[in-house]
1. Let me spell it out: the conditions are (1) within 30 Å of residue B:250 (Cβ to Cβ); (2) at pLDDT below 95; (3) more than 16 Å from the chain's Cα centre (by Cα), and residue A:137 meets all of them except one. Which number is the exception?
2. Mind listing whichever residues of segment A:25-39 are closer than 16 Å to residue A:65 by Cα and in contact (Cβ under 8 Å) with a residue 60 or more places away in the chain?
3. Restricting the search to segment B:145-154, which residues are assigned to a loop (DSSP other than H, G, I, E, B), among the aliphatic types (A, V, I, L, M) and buried (at least 24 other Cβ atoms within 10 Å of the Cβ)?
4. How many of the residues in segment B:61-117 are assigned to a helix (DSSP H, G or I), among the aliphatic types (A, V, I, L, M) and closer than 23 Å to residue B:23 by Cα?
5. Read through the list (1) of a type outside the set (D, E, K, R); (2) within 14 Å of chain A (Cβ to nearest Cβ); (3) out of contact with any Lys or Arg (no Cβ under 6 Å at 6 or more places or on another chain); (4) assigned to a helix (DSSP H, G or I), then give the number of the only condition that residue B:164 fails.
6. In the set A:201, A:241, A:157, A:228, which member is buried (at least 24 other Cβ atoms within 10 Å of the Cβ) and in contact with a Lys or Arg (Cβ under 7 Å, 6 or more places away or on another chain)?
7. The conditions are (1) surrounded by fewer than 19 Cβ atoms within 10 Å (Cβ to Cβ); (2) more than 14 Å from chain A (Cβ to nearest Cβ); (3) within 18 Å of residue B:340 (Cβ to Cβ); (4) at pLDDT 95 or above, and residue B:209 fails exactly one of them. Which is it?
8. Kindly indicate whether residue A:217 is surrounded by 19 or more Cβ atoms within 10 Å (Cβ to Cβ), without any contact (Cβ under 8 Å) to a residue 60 or more places away in the chain and not small (Gly, Ala, Ser).
There are 2 protein chains.
Amino acid sequence: MLDGLILSIDAMGGDNAPDIVVKGIEYFLKHEGKNRRARFLLHGDEAILTPLLAKYKQTAARSEIRHTDIEISMDEKPSQALRKGKGSSMWNTIEAIKAGEANVAVSAGNTGALMAIAKIRLRNKQGAQRPPLAASWPNPNGMGVVLDVGANIDCDAAQLTEFAVLGEAYFRALYKVEKPRIGLLNVGSEEGKGNDVVKSAHERLSQSELDMNYIGYVEGNDISTGGADVFVTDGFTGNVALKTAEGTAKLIGTYFSAALKSGAWSKFTAFLNGVALRKLKKQIDPRKVNGAVLLGLKGIVVKSHGGTDHVGFANALNVAIGLAESNFIEETERSLEALHDEDDNIGFIA
Amino acid sequence: MLDGLILSIDAMGGDNAPDIVVKGIEYFLKHEGKNRRARFLLHGDEAILTPLLAKYKQTAARSEIRHTDIEISMDEKPSQALRKGKGSSMWNTIEAIKAGEANVAVSAGNTGALMAIAKIRLRNKQGAQRPPLAASWPNPNGMGVVLDVGANIDCDAAQLTEFAVLGEAYFRALYKVEKPRIGLLNVGSEEGKGNDVVKSAHERLSQSELDMNYIGYVEGNDISTGGADVFVTDGFTGNVALKTAEGTAKLIGTYFSAALKSGAWSKFTAFLNGVALRKLKKQIDPRKVNGAVLLGLKGIVVKSHGGTDHVGFANALNVAIGLAESNFIEETERSLEALHDEDDNIGFIA
């Protein structure tokens, strides 16, 4: 029985778990989550979590510890995690949403292990063939979604087409845009550019009668300038692109801090710490886009960066809540069904 | 006979040619090129270039127009450019360095056409199998080089290995670092990550006795944070990564300008226009990294962004001059010879 939203949390996942996980929940409850009735299932070691919760009153009041002393380490291989991970904090985090005890799962743990466990436990016949990981990235119009950002390294045209359908459903559910612009990431926008997989996916998407707003090829710069709402690509390219964008934002943040401390600037720092500067700092803060989502499963799984801090983890909780309150699962199922019907009709082989 | 450096310029190449080309040369001569003895061969339509040069006195004094009324358009396919492009401004720009009339060629024209013509005219048996395009990108330590950024969309492990060797020679010649750190772009830094091509290139680079400073896998964020000096990747991934970085820098520049104009900030704009702010603006100005170089040919070919302005074009001239004054061609030949010897010895098949 769900009374308000329940988040299933892998309390032991991440470089600085469980500290930043619990601190992140507290931060969320004091900020964006202030007026939410959200509650939390914390999967992890009771002996560590109980004293930690004593320090974070709001979190303690809303949480229930689900004890396990099994953990999946950050460098464990996905195959090992599947063999030995049963009953671990990560496994139980996923299991709770499968059992209907929680609405959404969040983990900052080992990405490969999380994807493997989520796929084994939450994939069904109507779901995605190879669930992609989708991440949000800001642009002057708001937010865009890039997928796959690392779940599937090698992709064929059928998978890229499926990513387009899943990305559309995700964007529509999260940002309430009826017909988001779907772009296929390529090295140029002209016909004839790209490798065979991209060209074949382009042909398929152009000819599809799924009534998506497919706008054709887009390029790397479009991700930050807003040239599309959904950027479809394989997990290798998407991972490199997103990390490159994050690195660039970090570099410019460094320049910015250095400039603020240098020479004439420092004299005005007091004035500069006004609304505009705080807004600017927030805009280029990579923690504010933390939280990628595994699409096409029977359940919502949010992956936080392993190295994030409590502010970043709180943002992943935001993403999770936004999705849990949306009709994302239904949207996805409807879209996938239409795609699979079309696949059957045209006998599409990648 | 070369008296000082001579640059062979495709005056008609680029979205805003020949205006920004000639204005770019003038800008270069007034700034970074102030104390240079550089001269210019301008390939293009005399009837357009002569009145343009009348407006730019310094450029006029250092330039010689090489007339042609043939142009390669920005959307021409490489195959068409090869068939119909003989005698065009771009073709003649390349031909002049082949003939020894100039030290380096610069064009802001059609990238595919430029690569095709340069390869046909300047590749020799000792050169690179598939010349990659190398671009520079800033990091807190200075500059890094990413290659390939778009010349070869599909690459095998042997090509990635060749890119590593070429990138090392390029970085050493341009930035005077004896043993630059060579990284292979991947989705994670752990062994076992990536696709088959990347894994095979990693194995080859790890076992090579070429005495390179190969540091293994690097990720997208390392490009801007300086995790390596040379980033090796295929032309698809490299193109997306670099354009993503450019787009991100542009986005943050937009945020920055908006913040400067808003509320309290505007009152201090006069003060803020000090040294630090100008330096910061320069640091995040994508024009300052304009100028990619085609490696592994018998001659130096610099590609400017087609859509850049005069400041960007001037930076491409800077890159060209730096390379022309270096021992880049000799470095490259020596490195490629060593690589090809090793290939022969180990019978390496990609």
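1. Here residue A:137 meets the rest and fails (3).
2. Result: A:25, A:26, A:38.
3. Within segment B:145-154, B:149, B:151 qualify.
4. Of the residues in segment B:61-117, 6 are assigned to a helix (DSSP H, G or I), among the aliphatic types (A, V, I, L, M) and closer than 23 Å to residue B:23 by Cα.
5. Only one criterion in (1) of a type outside the set (D, E, K, R); (2) within 14 Å of chain A (Cβ to nearest Cβ); (3) out of contact with any Lys or Arg (no Cβ under 6 Å at 6 or more places or on another chain); (4) assigned to a helix (DSSP H, G or I) is unmet by residue B:164, namely (2).
6. A:228
7. (4)
8. In short, yes.
The values are calculated or read from the model by the stated rules, or taken from the named source; none is laboratory data. This structure is a prediction, so every number in the text was calculated from the model and none was measured. We place every Cβ from the backbone using ideal geometry, glycine too, and count neighbours over all the protein chains shown.
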